[in-house]
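A short reminder: the numbers here are calculations on the coordinates, not readings from a lab. Predicted model only: the values in this text are computed from it and were never measured. Here the Cβ positions follow ideal geometry from the backbone for every residue, glycine too, while neighbour counts run over all protein chains shown.
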Amino acid sequence: MITGGTGGIGKAIALKLASELGYHILLNYNSNKAAAEDIQHLIKAEGVSCDLLQCDVTNAPEVNSKLEAWAQQNPDAIVEVIINNAGITKDGLFLWTKTEDWHSVIDTSLSGFFNVTQPLLKNMLTQRYGRIINIVSLSGLKGNAGQVNYSAAKGGVIAATKALAQEIGKRKITVNAVAPGFITSNMTADLDEQELKKLIPLNRFGEAEEVASLVAFLASRNASYITGEVININGGLYS
Ligand code: NDP
């Protein structure tokens, strides 16, 4: 299960989990149906199935009902891996941040994590196996001016990652966070890459596929002794 699967990073993760780990994919998206169908096509070409789950992760009743309907249609399916990747930015100085921009950013990343993970967790606990991977951000670790809302949202998910890892480790479920720096995608399309890359030791933005490789490792059986961690992937910008 991957949320925000139509974005740059989500698409790369979905394809990597399909091609490298052979996972069937449950691809969540919010608004971009055409992109979701294109990605579904690409994933099926990897020889696995791909179901689309349209829902707004901020809307808990909607998430619950869509997940329940999917589970009823797929009674034998087991969700082993959850990638909480849906996220938005509404940047601006804190003083001028609109109430709705505070809430929408926190609702998407932090409440989205809760709304999606909680209904899927019960079966994971029964199965005594699982991988939960939350896509956070450098902003959630160091804080970023102009992104107080986004930094709070991602910082909240980081704390939730560490706490949940402690609750469910005994059931062999690992919970980790991946914190990207600047990655080429729609989210960073308006940034001045030529200027910003001067700050990055590796002197470039990262690629979504590079984030996906890290996520695929954490989602694999090989990562069985890593939990409660936040793993940076930022070209050396911050550690
Ligand atoms: P994109 O803007 O390319 O993609 C965002 C994705 O989130 C889209 O699939 C969008 O779906 C989905 N989404 C947004 N709101 C909702 C919602 N309410 N419910 C369900 N899905 C939703 O961003 P990226 O791929 O770059 O970002 C992916 C994750 O990585 C985010 O959490 C982001 O914060 C994080 N990140 C990104 C960095 C970067 O440099 N790109 C750096 C650090 C972290 P749809 O299009 O269907 O509406």
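Overview of results
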read-out: Residues with amide H under 5 Å from that of residue 25, placed H, sequence gap 5 or more; value: 49, 50, 51
read-out: Centroid-to-centroid separation of the stretch 51-96 and the stretch 180-195 [C-alpha atoms, Å]; value: 25 Å
read-out: Candidate lysines - alpha carbon under 17 Å from residue 44, same-chain residues fewer than 8 apart omitted; value: 11, 16, 33
read-out: Relative contact order %, the stretch 88-239, counting alpha carbon pairs below 8 Å whose residues are six or more apart; value: 26 percent
read-out: Listed residue (208, 133, 53) projecting farthest to the positive dipole end of the stretch 8-233, Cβ model; value: 133
read-out: Check: the stretch 24-175 dipole with +1 on Lys, Arg Cβ and -1 on Asp, Glu Cβ, in debye; value: 660 debye
read-out: Ratio Rg/Rh [Cα only; Rh per Kirkwood] for the stretch 1-141; value: 0.98
read-out: Sequence-separation-based contact order of the stretch 191-238, relative, with Cα cut under 8 Å and 6+ spacing, percent; value: 50 percent
read-out: Phi-based couplings in Hz for the stretch 110-116 (Karplus 6.51, -1.76, 1.60; Gly and Pro marked x); value: 7, 5, x, 4, 5, 4, 8
read-out: Sparse-neighbour loop sites [trypsin sites (Lys or Arg not before Pro); the stretch 124-159; at most 15 other C-beta within 10 Å; DSSP]; value: 128
read-out: Debye intensity ratio I(q)/I(0), log10, the chain, q values 0.07, 0.10 Å⁻¹ (C-alpha model); value: -0.21, -0.44
read-out: Residues of type lysines that residue 170 reaches as a straight line, Cα spacing below 25 Å, ignoring anything fewer than 8 places off in the same chain; value: 122, 162
read-out: Amide proton proximity set for residue 54, modelled H, under 5 Å, gap of 5+; value: 29
